[in-house]
Amino acid sequence: MQAIKIEQHSIAAYFDLLEQSDERLEYHNGEVVMMAGGTRNHSSIGNNINGEIRAALKGRSDCRPFNNDLKVYIEKTNSFVFPDGMVVCGETKLYKNSESVITNPKLVIEVLSKSTQGYDRGDKFHKYCSLDSFCEYILIDQYQPVIDTLFRAEKGLWQMRTTIGLEQSIYLHSIDATIELEDIYRNTVGLAEPQFRLDV
């Protein structure tokens with residue numbers, strides 16, 4: 001998705017804009033940014049990974065998955081962002097009792113686009129890191145079967161694993177679940193062949 005700057009607003013004005021808009025709008029300390037529409041692969045991958053996580057959590061009451069309809073509020077950067085999916089474990093904490101804004105995701109999923117992958121890997125990740133609850137980040141390439149999983153092993157120390165190829169699987173530490181890449185990339189079109197066929 002391509003980010004398009006609009007102008008500066010208060011939080012109240014931002015919520016008013018959300019009610020009037022069909023677009024996904026993010027808020028970054030006064031700056032409102034419109035996230036342009038995604039691709040067919042972006043939508044398929046988001047639906048697939050969220051569906052697989054729902055299935056993995058079936059029968060568990062300790063963790064709950066959410067799709068990209070909900071926002072995350074990040075207090076330290078005064079930001080409202082839309083992840084492509086997330087999981088909350090324990091109590092679901094809301095921003096000022098808003099049913100559309102969560103403040104304590106444990107696992108966050110982002111499907112990468114060419115226009116936003118630098119932001120997702122950089123500033124957006126750093127914003128998520130300011131949340132005490134956040135301990136796992138899944139970055140999914142929509143153009144080739146490559147997924148980076150980042151897991152906070154301890155405070156200030158993150159481990160990253162890159163998984164390449166449809167025949168591989170990823171392990172999600174935060175919810176103790178394994179998901180096959182062929183299920184994540186189901187119904188996608190035009191995937192490029194990865195340059196390497198190994199985990200790094």
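Bear in mind these aren't lab numbers, they're just calculated from the coordinates by the rules spelled out. As the structure is a computational prediction, the values presented were derived from the model and not from experiment. Don't worry about glycine lacking a Cβ; one is built from the backbone with ideal geometry, like all the others, and counts go over all protein chains shown.
Here are some notes:
- Loop-located GluC sites (Glu not before Pro) in the stretch 44-129 (DSSP state other than H, G, I, E, B) with a sparse environment of at most 13 neighbouring Cβ atoms within 10 Å: E91, E99.
- In the chain, taking the dipole from charged Cβ atoms about the Cα centre, the farthest positive-side position among I53, Y27, S174 is held by S174.
- Based on C-alpha pairs under 8 angstrom that are at least 6 apart in sequence, the chain has a relative contact order of 17 percent.
- Charge dipole (Cα centre; +1 on Lys/Arg Cβ, -1 on Asp/Glu Cβ; no other charges) of the stretch 123-200 amounts to roughly 260 debye.
- Rounded to 10°, Cα long-axis angle of helix 11-20 versus longest principal axis of the chain: 70 degrees
- With only Cα atoms counted, the chain has Rg and Dmax values of 16.5, 49 Å.
- Long pairs among K114/K155; K76/K155; K76/K106, criterion Cα-Cα beyond 28 Å: K114/K155
- Our coupling estimate for the stretch 58-66, obtained by passing each phi through the Karplus curve with A = 6.51, B = -1.76, C = 1.60 and θ = phi - 60°, is 4, x, 9, 9, 7, 9, 10, x, 9 Hz, Gly and Pro reported as x.
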